[in-house]
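Reading through the structure tokens given below for one structure.
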Amino acid sequence: MRKIAAELRHRELTQEIYNIGDEVAQYIENLIEAIEDWDNDLAMDCLAELGDIIEDARVDSGRCVGELIGLRQALVSGLRSGTISAAASGQNDVEAPHTFNAQTLEADFPIDGPPVAVHQLAAALQDRTAATADYLRDVVEYVLDQTDAVARNLDMVSLPQLYNRTGQQVSAACHGWYRTVVESHFAYVRTMRGHNPPAFLEERARIDRIVAKVAAKRAAAKRSATTA
């Protein structure tokens, strides 16, 4: 029975590792949606939220991996007692994200002038925004790939270090976009905002409506029980 319980716990912890990676990825995707809507205020809010998620991910992933190491050692101790391979292979299929910041955007998408032609300015700002979103998608793919690799081979990489590095990379990219697009050309950004509303905001609003409806039903039931 103890072996069965250990195997169940092993599966739970492995799934939790995947869940942690998914949550980090989801909050980066929220940031991408904010940037693609040219909403600098929302982007900064998403970046702050991601910072909290990163801190939780570092702590939780370290705890999960530590417990999984003990479980795997126990489950594979003895050729006939173990059902989980300690040498499960991990893959590094996705290239690690490169450095991406304000200097990257200014070098790759320069704005000549003054004077600056309006069409040239618009094209450069759109390219900088698209490049930032694409880079963040690469970060998402890398995080998911590395999380999966660790779930299969605990020695592949340190997840707390991975998530810490991810937070730094995303912050550098987001602040680079803010500096080279928003701060420098706020008037243009303001005209672009709102054309691509983030889908995650509607999902949050839907969840809030459900929560409010459930809360209202509970409050009504409580009032009925009190007056009965």
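Numerical summary
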item	result
Conditions (1) small (Gly, Ala, Ser); (2) surrounded by 23 or more Cβ atoms within 10 Å (Cβ to Cβ); (3) free of Cβ contacts under 8 Å to residues at least 40 places away in the same chain: number failed by Ala187	(2)
From the options Ala216, Ala220, Ala205, residue that is within 27 Å of Glu16 (Cα to Cα), in a helix (DSSP H, G or I) and modelled with pLDDT under 90	Ala205
Residue among Arg80, Arg72 that alone is modelled with pLDDT under 90 and surrounded by 14 or more Cβ atoms within 10 Å (Cβ to Cβ)	Arg72
Asp155, sole failed condition from (1) assigned to a loop (DSSP other than H, G, I, E, B); (2) under 18 Å from the mean Cα position of the chain (by Cα)	(2)
Per-region count, the stretch 136-175, residues under 20 Å from Asp41 (Cα atoms) and crowded, with 19+ Cβ neighbours inside 10 Å	6
Matching residues, the stretch 94-133, being part of a loop (DSSP other than H, G, I, E, B) and either aliphatic (A, V, I, L, M) or more than 27 Å from Leu162 (Cα to Cα) (or both)	Val94, Ala96, Phe109, Pro110, Ile111, Asp112, Gly113, Pro114, Pro115, Val116, Ala117
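The values are calculated or read from the model by the stated rules, or taken from the named source; none is laboratory data. It should be emphasised that the depicted structure is a prediction, and the values quoted were computed from it without experimental measurement. Cβ: placed from backbone, ideal geometry, glycine included. Neighbour counts: every protein chain shown.
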